[in-house]
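Peer 1: Shown below is the structure under consideration.
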Amino acid sequence: MKAAIIGGGVIGGGWAARFLLNGWDVAVFDPDPEAERKIGEVLTNARRALPGLYETALPAEGQLTYHRDLAEAVTGADWVQESVPERLELKHKVFADLIRHTPDTAIIGSSTSGFKPSELNENGARAIVAHPFNPVYLLPLIELVGDADTCTRAAAILSGIGMFPLKVRKEIDAHIADRFLEAVWREALWLVKDGIATTEEIDEAIRMGFGLRWAQMGLFETYRVAGGEAGMKHFMAQFGPCLSWPWTKLMDVPEFTDELVDLIAGQSDAQSGHMSIRELERLRDDNLVSMLRALKTRGAGSGAGRVIREHEVDLWPAMTDAVPLRTVTRDVPVDWTDYNGHMNEGRYGQVFSDAADRIMIHVGADAGYIASGLSYFTAETNIRYIDECHAGDAVYVDTTVTLGEGKKLRLWHEMKRAIDGGLLATCDQFLLHVDLITRKSCPPRADVEARIEALAALHAKGAT
Ligand SMILES: NC(=O)C1=CN([C@@H]2O[C@H](COP(=O)(O)OP(=O)(O)OC[C@H]3O[C@@H](n4cnc5c(N)ncnc54)[C@H](O)[C@@H]3O)[C@@H](O)[C@H]2O)C=CC1
Ligand SMILES: C[N+](C)(C)CC(=O)CC(=O)[O-]
């Protein structure tokens with residue numbers, strides 16, 4: 001599959017990374033001579049962050065090309081994403097070119113933050129709004145607005161690259177999410193202009209409190225809980241009247257005078273000017289990866305964590321009866337490294353535990369089997385740490401079944417670096433089959449026992 005990225009700035013660069021790291025070929029058209037360097041830097045950050053969201057490897061990267069000619073960039077494209085600056089006349093000019101050269105089968109998406117499809121298509125273009133959020137390679141939300149059939153096709157494609165398509169029912173200026181962002185931005189500008197708070201104090205008010213709530217429950221679920229046992233009706237009765245008290249400046253927007261711009265830019269420099277934009281991006285990405293990974297862990301996942309869990313299901317490679325078995329292929333996430341600058345020892349246990357889980361699934365001791373009250377417990381592990389590995393390293397685990405006899409299962413795992421096959425760690429792991437009700441060891445179900453014994457016999461014969 002091929003994506004053409006028209007405009008490779010902050011958002012176009014993020015789109016290029018999202019498609020490329022999900023295995024698409026990407027062609028970029030941007031007249032800025034600096035575009036290639038900027039996209040290269042965005043890609044370096046994306047490669048470090050995105051694969052770490054998953055417990056298994058993403059597809060092999062596609063091919064990235066840069067083009068001086070728009071027609072060449074869109075040739076053979078399945079998706080064309082316009083991300084030029086937010087000026088309607090510029091978008092119209094770009095669409096006029098795109099309509100002439102884009103294959104009829106390709107979807108044309110616009111990253112516009114606020115224009116409606118009817119405005120974008122005034123001159124006969126056929127674009128839909130596909131509005132992403134920065135950083136496009138990490139945040140799943142994508143607002144789709146426009147022709148219903150095209151949006152349905154678009155949603156399937158975007159789900160396939162790990163995004164969360166939200167179809168907007170009716171076109172409206174600034175779609176859904178930017179209506180909120182504008183409201184918050186407007187209030188924040190007033191608070192700075194009126195000398196009530198600095199940029200830093202406003203950021204603290206968000207990140208120390210409601211910002212954390214919003215990432216996992218949104219607005220309405222959070223307020224339902226805030227209504228206590230009496231719920232949403234009580235919450236609305238108590239806080240509804242505040243809307244007409246002066247708790248908000250409503251639609252009144254402060255004028256962007258030079259004085260206000262200098263005030264805000266100056267405070268922002270004092271707050272964050274000690275870090276470069278790329279450093280701030282890496283800090284943001286590391287925090288987002290940690291938060292998104294945390295949101296994956298409960299049940300089927302919460303909020304954006306659920307989207308990553310669902311995407312991951314399609315990424316697991318099928319397992320065959322090879323000897324040894326390739327049980328893990330993954331990248332080391334940024335939050336797995338410690339003060340020594342390498343993967344923490346505890347995480348090796350996680351990797352080998354994941355490898356054992358894959359063996360269990362392979363022999364039929366899967367989620368249904370566990371729900372039936374049977375499982376395996378690890379009774380002993382002996383890990384040897386042989387070489388260091390770091391955030392972003394691609395690694396894999398090869399596993400041999402060294403014993404499969406009744407309730408006893410013994411596994412030998414070798415964790416290796418993907419780039420050169422270098423041995424990173426080994427693990428000798430002994431597991432016992434258990435009854436989850438009595439919490440005592442017991443023989444496996446006959447079919448699982450037969451699979452384990454067959455695997456052990458095959459592995460005893462040696463590598464295929
Ligand atoms: N920056 C943000 O936070 C977000 C921006 N957006 C939307 O994404 C779009 C792009 O915004 P940014 O990436 O922030 O802007 P940007 O200024 O970072 O990048 C725009 C890029 O378009 C290129 N460009 C200009 N004219 C062009 C042309 N005729 N053909 C091809 N490329 C051209 C520029 O050289 C530049 O690299 C806008 O519609 C914006 O509303 C959407 C979500 C978030
Ligand atoms: C500021 N903005 C309107 C361009 C923001 C967006 O459109 C989405 C985002 O990433 O915040």
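Peer 1: Kindly identify segment 2-173 as rounded, prolate or oblate by the Cα gyration tensor criterion: order the square roots of the eigenvalues as a ≥ b ≥ c, call it rounded if a/c is under 1.5, otherwise compare a/b with b/c, prolate if a/b is larger, else oblate.
Peer 2: Oblate is the answer for segment 2-173, as a/c is 1.5 or above yet b/c matches or exceeds a/b.
Peer 1: Starting at the first residue of segment 393-402, write each ³J(HN,Hα) from the Karplus equation 6.51 cos²θ - 1.76 cosθ + 1.60 with θ = phi - 60°, in whole Hz, x for Gly and Pro.
Peer 2: Values per residue, Gly and Pro as x: 5, 8, 9, 9, 10, 9, 10, 10, 8, 9 Hz.
Peer 1: Skipping prolines and chain starts, which residues have an amide H placed within reach, meaning under 5 Å, of the one on CYS442, given they are 5 or more residues away or on another chain?
Peer 2: Hits under the 5 Å cutoff: HIS433, VAL434, ASP435.
Peer 1: While we're here: Taking other Cβ within 10 Å of each residue's Cβ, how do HIS234, HIS413 sort, fewest first?
Peer 2: The order, fewest Cβ neighbours first, is HIS234, HIS413.
Peer 1: OK, next. Going by C-beta contacts inside 10 Å, put ILE361, ILE277 in order with the fewest on the left.
Peer 2: ILE277, ILE361
Peer 1: Select from segment 239-332 those chymotrypsin sites (Phe, Trp or Tyr not before Pro) which occupy a DSSP coil region and have at most 14 other Cβ atoms within 10 Å, ordered by residue number. Can you show the working numbers first?
Peer 2: Numbers: sites: PHE239, TRP247, PHE256; in loops: TRP247, PHE256.
Passing both the DSSP loop test and the Cβ count: TRP247, PHE256.
Peer 1: For a footprinting-style exposure proxy, rank HIS459, HIS311 by other Cβ within 10 Å, fewest first.
Peer 2: Fewest-to-most ranking of HIS459, HIS311: HIS311, HIS459.
Peer 1: Then there is this: For segment 1-62, rounded, prolate or oblate, judged on the Cα gyration tensor with a ≥ b ≥ c (square roots of eigenvalues), a/c < 1.5 rounded, else prolate if a/b > b/c?
Peer 2: Cα axes put segment 1-62 in the oblate bin.
Peer 1: Which entries of LYS2/LYS116; LYS91/LYS167; LYS91/LYS116; LYS38/LYS167; LYS116/LYS167 have Cα-Cα distances beyond 19 Å here? Please list the in-between numbers first.
Peer 2: Numbers: LYS2/LYS116 26 Å; LYS91/LYS167 22 Å; LYS91/LYS116 12 Å; LYS38/LYS167 31 Å; LYS116/LYS167 13 Å.
Over 19 Å Cα-Cα: LYS2/LYS116; LYS91/LYS167; LYS38/LYS167.
Peer 1: When we measure straight from the Cα of LYS440, which lysines land under 23 angstrom away, once same-chain ones fewer than 8 places off are left out?
Peer 2: LYS407, LYS408
Peer 1: Taking a ≥ b ≥ c as the square roots of the eigenvalues of the Cα gyration tensor of segment 203-284, is the shape rounded (a/c under 1.5), prolate (a/b larger than b/c) or oblate?
Peer 2: Values: a/c = 4.03, a/b = 1.58, b/c = 2.55.
In terms of gyration-tensor shape, oblate.
A short reminder: the numbers here are calculations on the coordinates, not readings from a lab. No experiment lies behind these values; they were computed from the predicted model shown. Reconstructed Cβ throughout: ideal geometry from the backbone, glycine too, with neighbour counts over all protein chains shown.
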